[in-house]
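Data block below; observations after.
The values are calculated or read from the model by the stated rules, or taken from the named source; none is laboratory data. Nothing here was measured: the structure is a model prediction, and the numbers come from that model. Here the Cβ is made from the backbone with ideal geometry for all residues, glycine too, and neighbour counts use every protein chain on show.
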Amino acid sequence: MQHEREHYVNGQWVEPLEPKLLDVVDPSTEEAFTKIAVGGARDVDRAVAAARAAFPSFARTSRKDRLDLLKAILSEYAKRREDIAATLSQEMGAPYKFALERQAATGTAHLMRMIEVLETYPFEWMEGKTLIAREPIGVVGLITPWNWPINQIVCKVAPGIASGCTMVLKPTEIAPLNAIIWTEVMHAAGVPAGVYNMVQGEGAVVGEAMSSHPDIDMMSFTGSTRAGILVARNAAATVKRVCQELGGKSANILLPDVDFQTAVTKGVLGMMGNSGQSCNAPTRMLVPADRQDEVKAIAKAAAARVVPGAVNDPATTIGPVVSEVQFNKIQRLIQSGIDEGAELVIGGPGRPENLNRGYFVRPTVFANVRNDMTIAREEIFGPVLSILPYKDEADAIRMANDTVYGLAAYVQSADQARARKVAAEMRAGNVFVNYPASDTAAPFGGYKQSGNGREYGKWAIDDFTEIKAVIGYDAA
């Protein structure tokens, strides 16, 4: 990799205007293995100016032009998918197989879906004598996270291209190298100069400069609710659109008629995938009170199957969490569960046995958790599951919705009609019934403090466009 100490502006790699370097740390070893340039406000100004200058011509490109461009990006991405997976393994700790088959694969899936959507997306239609048009919103600022880095880059950049927007990306500074490879993909695909720009940097500097910038028309942000609030505040002065995908504390309701062996096992293993670092992970498992002992035994056995270890070991199922900051936060929250009286079923504080280096967390399950405990309220972002007993279906629904978040919810039942009835009561942007496969056509986003706006498929193009009404268009 050659571009760690550069930004990408107006179709070329450029030296920072405000030179400063930041270590990139391998979470498996706790050691820095490279440095990246982190920009400042002047770097943002330069990138935004390039995007602004490119917007008028790119906004007028045809559907075919943008389809051809997305297909070229997809072709170049396929050539670099293994590079991206290897990079993700080192910089954010994903086991290589998971990085290749799950993390890097999301980029392919989003590009393919966006090409399919763009083939027929309605940019213009008539309502009586009025022409309704969806037009690109303008220059968009994109801020992406470290937990699913390439997924969030592609699910923002692809609809930006499809919509005719130009953009500036600030990828996470914690796991930034996959974004450099992605930028090399964009360059190789022939994206016109200024359409796509990337400025590496820290959220408090580059993110703030972007979200408050008068020449950025929209901010698309994925990250913590705390940081999302700052983005929204900075954006308010220029009344720009803000789309946010923020935190979650998703409930997984197991109804009494479900096969508990299957439902609990899938719930534990699914929640602990990616080392528990997914904003929509089913971290609160709600179970009938009179079945909790059975659930505990199944959950303990499932968690024991989760193998933390070296990212290049085929036996490893989860790697380390991404950083020392995250490791310390998770340890604090595990200890709070113990201190507040939750029952520790398996796991607990400290590293797993035989791992005395790296930000590895013991797969942990708590039972007899109350919904007012810290581990049931705060987003832990680690392999830590809380089992909460409920009295009846109404109690389960109440507990599931008793959270400031509303990104996702899960319902397990042998009775599809009953599962749908409970799903209708969930105050969440996504409800997953009986562990379905993921769907890149489904809108992704949350209620309440989990954000606003929607990503994926046509819903993303909706958010990246403005609606214009030309009244009297069909007048005689």
- Item | Test: residue in the stretch 216-224 that is surrounded by 17 or more Cβ atoms within 10 Å (Cβ to Cβ), in contact with a His (Cβ under 8 Å, 6 or more places away or on another chain), among the polar types (S, T, N, Q) and closer than 23 Å to I36 by Cα | no
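Conditions tested, residue by residue: (1) farther than 21 Å from Q244 by Cα; (2) out of contact with any strand residue (DSSP E or B) (no Cβ under 8 Å at 6 or more places or on another chain); (3) buried (at least 17 other Cβ atoms within 10 Å of the Cβ).
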site	(1), (2), (3)
M373	yes, no, yes
L385	yes, no, yes
P389	yes, no, yes
M399	yes, no, yes
L407	no, no, yes
R418	yes, yes, no
K421	yes, yes, no
A424	yes, yes, no
- Does T61 count as over 30 Å from L355 (Cβ atoms), in a loop (DSSP other than H, G, I, E, B) and either modelled with pLDDT of 95 or more or not assigned by TED's automatic domain parsing to the domain that holds G319 (or both)? yes
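Which of the residues belonging to the stretch 30-57 are surrounded by 14 or more Cβ atoms within 10 Å (Cβ to Cβ) and within 25 Å of the chain's Cα centre (by Cα)? Outline the logic, then answer.
Just the residues of the stretch 30-57 that are surrounded by 14 or more Cβ atoms within 10 Å (Cβ to Cβ), to begin with: 30, 34, 36-41, 43-55.
Once the filter is applied, which keeps residues that are surrounded by 14 or more Cβ atoms within 10 Å (Cβ to Cβ) and within 25 Å of the chain's Cα centre (by Cα), the stretch 30-57 yields E30, T34, I36, A37, V38, G39, G40, V44, A47, V48, A51.
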- Name the residues in the stretch 361-374 that are under 19 Å from A289 (Cα atoms) and β-branched (V, I, T), would you? V365, V369
- Looking only at the stretch 419-427, decide whether some residue is modelled with pLDDT of 95 or more and touching a Lys or Arg at 6+ places or on another chain (Cβ under 8 Å). yes
- Message: Going residue by residue through the stretch 427-446, is there one that turns out to be of a type in the set (G, A, S), crowded, with 16+ Cβ neighbours inside 10 Å and not in a loop (DSSP other than H, G, I, E, B)?
- Response: no
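Looking only at strands (runs of 3 or more DSSP E) that fall completely inside the stretch 340-425, which ones have 2 or more residues that are under 30 Å from G453 (Cβ atoms)? Break it down stepwise before answering.
Numbers: elements: 343-346, 364-367, 384-390, 408-412.
By residue number, 384-390, 408-412.
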- Consider R42 carefully, then state whether it is modelled with pLDDT of 95 or more, out of contact with any Leu (no Cβ under 6 Å at 6 or more places or on another chain) and either of a type outside the set (D, E, K, R) or outside the structural domain of D313 (by TED's automatic domain parsing) (or both). no
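Quick check, is G445 of a type in the set (G, A, S), modelled with pLDDT of 95 or more and out of contact with any Asp or Glu (no Cβ under 8 Å at 6 or more places or on another chain)? Let's see the steps before the verdict.
Values: of a type in the set (G, A, S): yes; modelled with pLDDT of 95 or more: yes; out of contact with any Asp or Glu (no Cβ under 8 Å at 6 or more places or on another chain): no.
So G445 fails the test.
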- Top-ranked residue of the stretch 1-29 - restricted to ones that are assigned to a strand (DSSP E or B) and touching a Pro at 6+ places or on another chain (Cβ under 7 Å), ranked as surrounded by the fewest Cβ atoms within 10 Å (Cβ to Cβ): V24
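Among the listed residues T130, T106, identify the single one that is within 30 Å of S28 (Cβ to Cβ) and either at pLDDT 95 or above or under 22 Å from the mean Cα position of the chain (by Cα) (or both).
T106
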